[in-house]
Amino acid sequence: MEELALQFSAIGFEEPKVKEIIKNKKVSASLSSLINQSPKDYQWNKVTRTLLHSLASSTKGTEYPKMDLIINGIINGDLKTNLQVDAAFQYVKTKGEDASVEEMNKISGVGVVVTEQEVRGTIVKFINDNKGEIETSRYKIVPKLFAEIRNLPNLKWANTSLFKPIIDEEILKLLGPKDERDLVKPKRGKESKASNNKGNKKNDTNQSESTKRSMFTEGFLGDLHKVGENPQAYPELLKDHLAFTEGKVHTRFPPEPNGYLHIGHSKAIMVNFGYAKHFGGKCYLRFDDTNPEAEAPEYFESIKRMVSWLGFKPWKITYSSDYFDKLYDLAEFLIKSDKGYICHCTAEEIKRGRGIKEDGTPGGERSACAHRSRPIEESLAEFRKMKDGFYEPGKAILRMKQDLQSPNPQMWDLIAYRVLNAPHPRTGDKWRIYPTYDFTHCLVDSFENITHSLCTTEFYLSRESYEWLCDQVHVFRPAQREYGRLNITGTILSKRKIAKLVELHHVRGWDDPRLFTLEAIRRRGVPPGAILSFINTLGVTTSDTNIQVARFETAVRKYLEETTPRLMFILDPIEIIVDNLAEDYEEIVSIPYSKKFGDRTVPFTKRIYIERKDFDESADEEFYRLTPNQSVGLIRVPHTISVNKVIKDDAGKVISIHVNYNNDKKDKPKTYIQWVPVSKKYNSPVNVKETRIYNPLFNSENPSTHPEGFLNDINPNSEEVYENSIIEHNFFEVIKNSPYENEDLKKGSEFYVEENPNTKEVCRFQGMRVGYFTMDKESSDNEIILNRIVGLKN
């Protein structure tokens, strides 16, 4: 010990540090060895001896070849940080005698220079990409932000001392100085005590942040006006509005029934239904069915199904077509007020009149068309001719007479009505003319006494035309307010592009689990409560939220951890025959479903199955599972098993392994693996016809930017199918009891959704050491098909 102390002191370590190092025998032995391998005359400084100590902490008493490469790298200044030393050690440890200076330097970032400008650019981009969450959480998120930025791949070798000043500067620009929102308010003593006496303290502590805060009382939604506070051109209309609403919030979710909803719509559903529900109000599900050419019954039904699946019940289900007569009357009123006219211009002529240049860019001179000044009576007569079917599509339109000189394109004489020769799903052949979104939306909001017309920021410019039209036809003016969209990167949400994927059989259909339609997400097995909790954690701001798929899956995984039982599941099985057990041997072991869902029993028998990847004939010492020379533990089984004989087929593939059950000794295995028994008595194993493992559908974060088109960005390995997987027999018990309810989540969150137990996708479980799974809709009583929802943590 004295020799080590002298050796460590000789290279400059202070006495307290020497005592600390010597306490750890393995580290001190490694440090001594490393010093002995170093040049005798080298003068160690604070940086280099600290890095050497870091290297010794990694080796922990084990001798590795080629350590001199790392020592020399530290001494000559190539390896400047603990991160570089650790990367160099991992490389040398793996390569051994084959390690080279050149390759080590490359892997360790030697010579890589990340300039301050590059650091700033990366940090600014990261902050902009996460702007919505930052604006919601404000300064409380900064520590998490710092940790995430440190892990960005292109900042791996950057000088971390640059990070904090840049982060502080950019956050200050975005949020401004700290204010009362950023203060941590101390709990009052009595209140704190009382709250601790309620229920289980541990459960209270374990509630996730998403169950404790509500997006409806903060940020964009927290700042919305109260009912009746929105200004009116005709204040006398407010009286009837308040009488109808009784001062309660009235919102609406108004999808067009021309396709399937996607993940972005889940935010719109939650914002509109959730805001009304939170404040004791009412929300309509209103179908904006003004385009019969694109509508189909299946879309109406799917939208209803998805709203219900997300846990919301509309106060009323309405249709814009319910108001076609009333909308027509207001269109005539608009013409009679000289605020509407019939136009016969072509699409190209309308563009030119709006100042749209030939290359499609705005900025040209705007001018009124020849029809704008036609007499009111003439426009009225022409409009009635449109209604009576006199004109073919494209030959006549009703336009609003707005302000062509306004800088807002939404005031450039928008189209109010057009001719469509298509029967309507609800009104049949009654109408030959149909109102546009710009004419319909605000007026139906008014008819339904909407207090908060909440939409995404793409409609921000439409607010002016929305209010203009309500005022021109003398109806109550609802308040349109805009929030940022939710986008998921690395996928496609465009209806046209998804249709192409379906048409070319790249996916199974619109509900293929690799897609991000809500039907697909449901089929994949994602719980609706996970989606709502995820959106709640993001909050609602006026900025668009762009989320990577991996982040969404992390949130889903976290939710599943709290709401699913665990089962032993073998993706690719190998048969194990225990030679020293009798044919009828049965040893019952108890295994927890999870901490919250109790235990189940599984019989350990002479024949079992293990995962193919849990056996390796030629594994190195880093492989902790079963090998010819290494025993392994089976989850909850008292003793280990060790290999006696390996049986292979003619192609050399392992088909079974004979083992010994080591019940005559108590040895501690390096690890434990899952297993599934063979037992007629217990109907085990349960065979799975197909297990579908889903990976990203596309290779890049933005498939649409692929130079040869998004179809060329498809990942050929986006779906892996296993046809011989097996599960333990308790799977049938899980089916019977699904969906599992977590009472803590149920009590602590307004976003908990009670699911319909009579659907396949609610049967979810964690396949231990494999991932989270659900039953696919194609499953039957005789054939089980599983979808992987998400994998386990890396």
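The values are calculated or read from the model by the stated rules, or taken from the named source; none is laboratory data. Everything quoted here is computed from the prediction, not taken from an experiment. Here Cβ is always computed from backbone atoms with ideal geometry, including for glycine, and neighbour counts include all displayed protein chains.
Collect the residues in region 75-84 that are crowded, with 18+ Cβ neighbours inside 10 Å and either within 20 Å of Asn24 (Cβ to Cβ) or of a type in the set (S, T, N, Q) (or both), keeping them in residue-number order.
Gln84
Hey, could you check region 133-156 for residues that are surrounded by 18 or more Cβ atoms within 10 Å (Cβ to Cβ) and hydrophobic (A, V, I, L, M, F, W, C) and say which is farthest from the chain's Cα centre (by Cα)?
Checked region 133-156; the qualifying residue farthest from the chain's Cα centre (by Cα) is Leu155.
Hey, could you check region 520-539 for residues that are in contact with a Lys or Arg (Cβ under 8 Å, 6 or more places away or on another chain) and assigned to a loop (DSSP other than H, G, I, E, B) and say which is surrounded by the fewest Cβ atoms within 10 Å (Cβ to Cβ)?
Ranking the candidates gives Pro527 first.
How many residues does region 275-287 hold that are in contact (Cβ under 8 Å) with a residue 40 or more places away in the chain and in a loop (DSSP other than H, G, I, E, B)?
2
Specify which of the listed residues (Ser453, Ser446, Ser367, Ser406) is polar (S, T, N, Q), closer than 27 Å to Glu482 by Cβ and at pLDDT below 95. Even if it seems obvious, please write down each step before you answer.
Working: Ser453 fails: at pLDDT below 95; Ser446 fails: at pLDDT below 95; Ser367 fails: closer than 27 Å to Glu482 by Cβ.
That would be Ser406, the only listed residue that is polar (S, T, N, Q), closer than 27 Å to Glu482 by Cβ and at pLDDT below 95.
Does Thr50 satisfy the condition of being of a type in the set (Ser, Thr, Tyr), within 43 Å of the chain's Cα centre (by Cα) and surrounded by fewer than 19 Cβ atoms within 10 Å (Cβ to Cβ)?
In short, yes.
Give the residues of region 295-304 that are surrounded by 14 or more Cβ atoms within 10 Å (Cβ to Cβ) and free of Cβ contacts under 8 Å to residues at least 60 places away in the same chain, sorted by residue number.
So the first thing to find is which residues in region 295-304 are surrounded by 14 or more Cβ atoms within 10 Å (Cβ to Cβ), and the list is 295, 299-300, 302-304.
Once the filter is applied, which keeps residues that are surrounded by 14 or more Cβ atoms within 10 Å (Cβ to Cβ) and free of Cβ contacts under 8 Å to residues at least 60 places away in the same chain, region 295-304 yields Tyr299, Ile303, Lys304.
Can you pull out the residues in region 449-465 that are among the small types (Gly, Ala, Ser) and either without any contact (Cβ under 8 Å) to a residue 40 or more places away in the chain or not in a strand (DSSP E or B) (or both)?
Once the filter is applied, which keeps residues that are among the small types (Gly, Ala, Ser) and either without any contact (Cβ under 8 Å) to a residue 40 or more places away in the chain or not in a strand (DSSP E or B) (or both), region 449-465 yields Ser462, Ser465.
Residues that are assigned by TED's automatic domain parsing to the domain that holds Phe476 and among the aromatic types (Phe, Trp, Tyr), at least 2 per element: which helices (runs of 4 or more DSSP H) completely within region 288-378 meet that? Break it down into steps so the answer makes sense when it comes.
Details: elements: 297-309, 324-336, 347-353.
So the answer is 297-309, 324-336.
Mind telling me which of the residues Asn200, Asn206, Asn230 ends up being modelled with pLDDT under 55 and either over 30 Å from the mean Cα position of the chain (by Cα) or more than 30 Å from Thr563 (Cα to Cα) (or both)? Can you show your working first?
Working: Asn206 fails: either over 30 Å from the mean Cα position of the chain (by Cα) or more than 30 Å from Thr563 (Cα to Cα) (or both); Asn230 fails: modelled with pLDDT under 55.
Only one candidate passes the filter, namely Asn200.
Can you confirm whether Ala347 is under 20 Å from Tyr437 (Cβ atoms) and exposed (fewer than 12 other Cβ atoms within 10 Å of the Cβ)? Before you say what the answer is, go through the steps one by one.
Working: under 20 Å from Tyr437 (Cβ atoms): yes; exposed (fewer than 12 other Cβ atoms within 10 Å of the Cβ): yes.
The answer is yes for Ala347.
How many residues are farther than 25 Å from Cys283 by Cα and surrounded by fewer than 21 Cβ atoms within 10 Å (Cβ to Cβ) when one looks only at region 432-445? Steps first, answer last, please.
As a first pass, look at region 432-445 and keep what is farther than 25 Å from Cys283 by Cα: 432-434.
Restricting the remaining residues to those that are surrounded by fewer than 21 Cβ atoms within 10 Å (Cβ to Cβ) gives 432.
Of the residues in region 432-445, 1 are farther than 25 Å from Cys283 by Cα and surrounded by fewer than 21 Cβ atoms within 10 Å (Cβ to Cβ).
Does Ser28 satisfy the criteria of being buried (at least 17 other Cβ atoms within 10 Å of the Cβ) and either of a type in the set (A, V, I, L, M, F, W, C) or part of a helix (DSSP H, G or I) (or both)?
Values: buried (at least 17 other Cβ atoms within 10 Å of the Cβ): yes; either of a type in the set (A, V, I, L, M, F, W, C) or part of a helix (DSSP H, G or I) (or both): yes.
Judged against the criteria, Ser28 is a match.
Determine whether region 425-432 contains at least one residue that is of a type in the set (S, T, N, Q) and closer than 18 Å to Tyr341 by Cβ. Break it down into steps so the answer makes sense when it comes.
Here is the first cut: in region 425-432, the ones of a type in the set (S, T, N, Q) are 427.
Now drop any that are not closer than 18 Å to Tyr341 by Cβ, which leaves none.
No, that holds for no residue.
Do we find a residue being under 22 Å from the mean Cα position of the chain (by Cα), exposed (fewer than 14 other Cβ atoms within 10 Å of the Cβ) and not in a loop (DSSP other than H, G, I, E, B) anywhere in region 770-787? Give the derivation first.
Filtering region 770-787 down to residues under 22 Å from the mean Cα position of the chain (by Cα) leaves 770-776, 786-787.
Then keep just the ones that are exposed (fewer than 14 other Cβ atoms within 10 Å of the Cβ); that gives none.
No.
Mind telling me which of the residues Trp431, Trp468 ends up being under 30 Å from Glu382 (Cα atoms), in a loop (DSSP other than H, G, I, E, B) and either assigned by TED's automatic domain parsing to the domain that holds Ala396 or polar (S, T, N, Q) (or both)? Full working, then the answer.
On the way: Trp468 fails: in a loop (DSSP other than H, G, I, E, B).
Answer to the check: Trp431.
Being among the polar types (S, T, N, Q) and closer than 29 Å to Ile166 by Cβ is the filter; apply it to region 91-132 and report the residue that is surrounded by the most Cβ atoms within 10 Å (Cβ to Cβ).
The first filter runs over region 91-132 and keeps only residues among the polar types (S, T, N, Q), leaving 94, 100, 105, 108, 115, 117, 122, 128, 130.
Add one more test, that the residue is closer than 29 Å to Ile166 by Cβ, and what stays is 105, 108, 115, 117, 122, 128, 130.
Values: Asn105: 19, Ser108: 26, Thr115: 11, Gln117: 8, Thr122: 19, Asn128: 13, Asn130: 21.
Looking at residues that are among the polar types (S, T, N, Q) and closer than 29 Å to Ile166 by Cβ, I get Ser108.
Residue by residue, here is whether (1) touching a Cys at 6+ places or on another chain (Cβ under 8 Å); (2) modelled with pLDDT of 90 or more; (3) closer than 25 Å to Leu155 by Cβ holds:
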residue	(1), (2), (3)
Gln7	no, no, no
Lys19	no, no, no
Ser28	no, no, no
Pro39	no, yes, no
Asn45	no, yes, no
Ser57	no, no, yes
Leu83	no, no, yes
Lys95	no, no, no
Met104	no, yes, yes
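Under 9 Å between Cβ atoms, which residue pairs at least 6 apart in sequence (or on different chains) link something in region 489-508 that is within 21 Å of Glu256 (Cβ to Cβ) with a partner that is of a type in the set (Phe, Trp, Tyr) and surrounded by fewer than 17 Cβ atoms within 10 Å (Cβ to Cβ)?
none
Which fully enclosed helices (runs of 4 or more DSSP H) of region 40-156 have 3 or more residues being more than 26 Å from Ile488 (Cβ to Cβ) and free of Cβ contacts under 8 Å to residues at least 24 places away in the same chain? Break it down stepwise before answering.
Working: elements: 46-59, 67-75, 82-95, 101-107, 116-129, 131-137, 142-150.
It comes to 82-95, 101-107.
Do you know which of the residues in region 380-395 that are over 22 Å from Glu348 (Cβ atoms), assigned to a helix (DSSP H, G or I) and in contact (Cβ under 8 Å) with a residue 24 or more places away in the chain is farthest from the chain's Cα centre (by Cα)? Outline the logic, then answer.
To start, the set of residues in region 380-395 that are over 22 Å from Glu348 (Cβ atoms) comprises 380-381, 383-385, 387-390.
Retained after the next criterion (residues that are assigned to a helix (DSSP H, G or I)): 380-381, 383-385, 387.
Subset that is in contact (Cβ under 8 Å) with a residue 24 or more places away in the chain: 380, 383, 387.
Values: Leu380: 52, Phe383: 48, Lys387: 47 Å.
If we take residues in region 380-395 being over 22 Å from Glu348 (Cβ atoms), assigned to a helix (DSSP H, G or I) and in contact (Cβ under 8 Å) with a residue 24 or more places away in the chain, then Leu380 is farthest from the chain's Cα centre (by Cα).
Scan region 719-766 residue by residue and report those that are modelled with pLDDT of 95 or more, surrounded by 15 or more Cβ atoms within 10 Å (Cβ to Cβ) and part of a loop (DSSP other than H, G, I, E, B).
Ser725, Glu728, His729, Asn730, Cys763, listed by residue number.
Check whether at least one residue in region 246-269 is assigned to a helix (DSSP H, G or I), exposed (fewer than 14 other Cβ atoms within 10 Å of the Cβ) and free of Cβ contacts under 8 Å to residues at least 12 places away in the same chain, and report yes or no.
Filtering region 246-269 for residues assigned to a helix (DSSP H, G or I) gives 263-269.
In the following step, the residues that additionally are exposed (fewer than 14 other Cβ atoms within 10 Å of the Cβ) were identified as none.
No, every residue in region 246-269 fails to be assigned to a helix (DSSP H, G or I), exposed (fewer than 14 other Cβ atoms within 10 Å of the Cβ) and free of Cβ contacts under 8 Å to residues at least 12 places away in the same chain.
Could you check how many residues of region 697-717 are surrounded by fewer than 18 Cβ atoms within 10 Å (Cβ to Cβ) and in contact (Cβ under 8 Å) with a residue 24 or more places away in the chain?
Taking region 697-717 as the starting set, the residues that turn out to be surrounded by fewer than 18 Cβ atoms within 10 Å (Cβ to Cβ) are 699-702, 704-709, 711-712, 715-717.
From what's left, in contact (Cβ under 8 Å) with a residue 24 or more places away in the chain: 700-702, 704, 711.
The qualifying residues number 5.
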